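Structure record follows, encoded as structure tokens.
The values are calculated or read from the model by the stated rules, or taken from the named source; none is laboratory data. Just so we're clear, the structure is a prediction, and the values are computed from it rather than from any experiment. Note that we place each Cβ from the backbone using ideal geometry, even for glycine, and neighbour counts take in every protein chain shown.
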Amino acid sequence: MTFGGPGQPQDSQPTTYAPPAPVVSAPGPALPTLPVPAKKGRTVSIWLFGILGFVLVVLIGYFVWALGAVASGIGLVIALIPLTIVFIGVYIIDRWEPEPKLLIAFAIAWGAIAAVGITLLVDLAITMAIGLRTEELSTVIQAPIIEEVAKGIGIYVIFLIGRRAFDGPIDGVVYGALIGGGFAFTENIQYFAISLIEGGGTQLTATFVMRGLISPFAHAMFTALTGFAMGLAVRRGASKGGVFGAGCLGMIGAMLLHGFWNGSAMFADFFALYVTLQVPLFIGFILAIVALRREEARITRERLGEYAAAGWFTPEEVTMLATPSGRKVGMRWAASLNGDRRSLMKQFIKDATALAAVRQRAIAGRDPLAADDERALLTRTRATRAALLAY
């Protein structure tokens, strides 16, 4: 196709055209810079992660020395599968009011690094003090006690450094399950590597099925009992000592359940007990989580209802923000707005849920920064509502 020069007629006209560019939807209204709740009491010092990093280097050296780099590496990769299963389960539990990401990372790291390090050191000290123990004593009594104490310490540390993010039983279950999952991750590396070294792929497969598929939530469920007890004490406004005492009681339950689990594998028909007792226990655990989630939703709705009575929300908004069905309706409505405003609705729900938690802590009298957080979150929810309704 050619065209004439300036002032000359064109030899021909184009006969095809490029398709028109799609019309981009107008973006939704942007939020202005808004105040944020204080991070104090909801984060982790970089020094704590530094200490865990040092212990991690020591553990890596120990695993490479004891099991070899190849077997340890293969064990690590395979151990990521049950850890992912546990993490997805905890994510589902924690969706109502998600915990701070740094505390989640710290919980997993404590279980995978600190709790394992404590367990290895105590085991070494006991061996040096009293010599070798029988496998039965070590597996059924010593391991449950030492491991649950090491993991339980982590939950209490999280309570101390993150008290403003530790609001009740669900939070305790979340942190306990993450610590338990992290501990099982490192323990699985060892078991998988040893199975590979001693029995090759066949034994490794059997160990993976047993630990990675049949019982990925075992450690998470044990330690969740300790977290539940601490969270229940927190919800009732207990002092640091009261939370510690409640954690000790929960830890006893975790030790008993852990010891029974190990004993069933050593002294009885594991699969028979698994089907007749362990599976019902796990189902009961799930039902308890569902009940706790409903209680958390009830408290959220009650607290937001108090703000509605003061004119901050409408009753319809409380239903939308504080019930699972209302949140689904709200998300569908936000998606239908100009520019798809689901991100704004997610922020509205998140801030309103955090606001309810702040008020709950203020009522319990255990959050000195509650008034500042309340002002920030009320400002945020008002601005987000305005953005949702803007044309």
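Below is a table of values for the structure above.
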| item | result |
| --- | --- |
| Any hit, the stretch 172-182, residues being of a type in the set (Gly, Ala, Ser) and in contact with a Lys or Arg (Cβ under 8 Å, 6 or more places away or on another chain) | yes |
| Residue among Val290, Val279, Val209 that alone is β-branched (Val, Ile, Thr) and under 21 Å from the mean Cα position of the chain (by Cα) | Val290 |
| Meets criteria (part of a helix (DSSP H, G or I), under 19 Å from the mean Cα position of the chain (by Cα), hydrophobic (A, V, I, L, M, F, W, C) and surrounded by fewer than 24 Cβ atoms within 10 Å (Cβ to Cβ)) for Ile179 | no |
| Residue satisfying all of: in the stretch 280-297; closer than 17 Å to His219 by Cβ and aliphatic (A, V, I, L, M); surrounded by the most Cβ atoms within 10 Å (Cβ to Cβ) among these | Ile289 |
| Hits in the stretch 229-247 - residues which are free of Cβ contacts under 8 Å to residues at least 60 places away in the same chain and not in a loop (DSSP other than H, G, I, E, B) | Ala229, Ala233, Gly241, Gly242, Gly245, Ala246 |
| Number of the exception - Ser215 against (1) crowded, with 21+ Cβ neighbours inside 10 Å; (2) at pLDDT below 95 | (1) |
| Pair list, Cβ < 8 Å and 6+ apart or interchain, from the stretch 266-292 residues that are β-branched (Val, Ile, Thr) to residues that are surrounded by 14 or more Cβ atoms within 10 Å (Cβ to Cβ) and at pLDDT 80 or above | Ile289/Ile93; Ile289/Ile170; Ile289/Val173 |
| Given (1) under 21 Å from Ile93 (Cβ atoms); (2) crowded, with 22+ Cβ neighbours inside 10 Å; (3) of a type outside the set (S, T, N, Q), number of the condition Gly326 does not satisfy | (2) |
| Test: residue in the stretch 368-387 that is of a type outside the set (Gly, Ala, Ser), outside any helix (DSSP H, G or I) and modelled with pLDDT under 95 | yes |
| Meets criteria (more than 23 Å from the chain's Cα centre (by Cα), surrounded by fewer than 16 Cβ atoms within 10 Å (Cβ to Cβ) and in contact (Cβ under 8 Å) with a residue 40 or more places away in the chain) for Gly68 | yes |
| The one condition in (1) in contact with a helix residue (DSSP H, G or I) (Cβ under 7 Å, 6 or more places away or on another chain); (2) under 24 Å from Phe267 (Cα atoms); (3) not basic (Lys, Arg) that Val174 fails to fulfil | (2) |
| Sole exception among (1) touching a residue at least 12 places away in the same chain (Cβ under 8 Å); (2) over 24 Å from Ala184 (Cα atoms); (3) loosely packed, with under 14 Cβ neighbours inside 10 Å; (4) not small (Gly, Ala, Ser) for Thr300, by number | (3) |
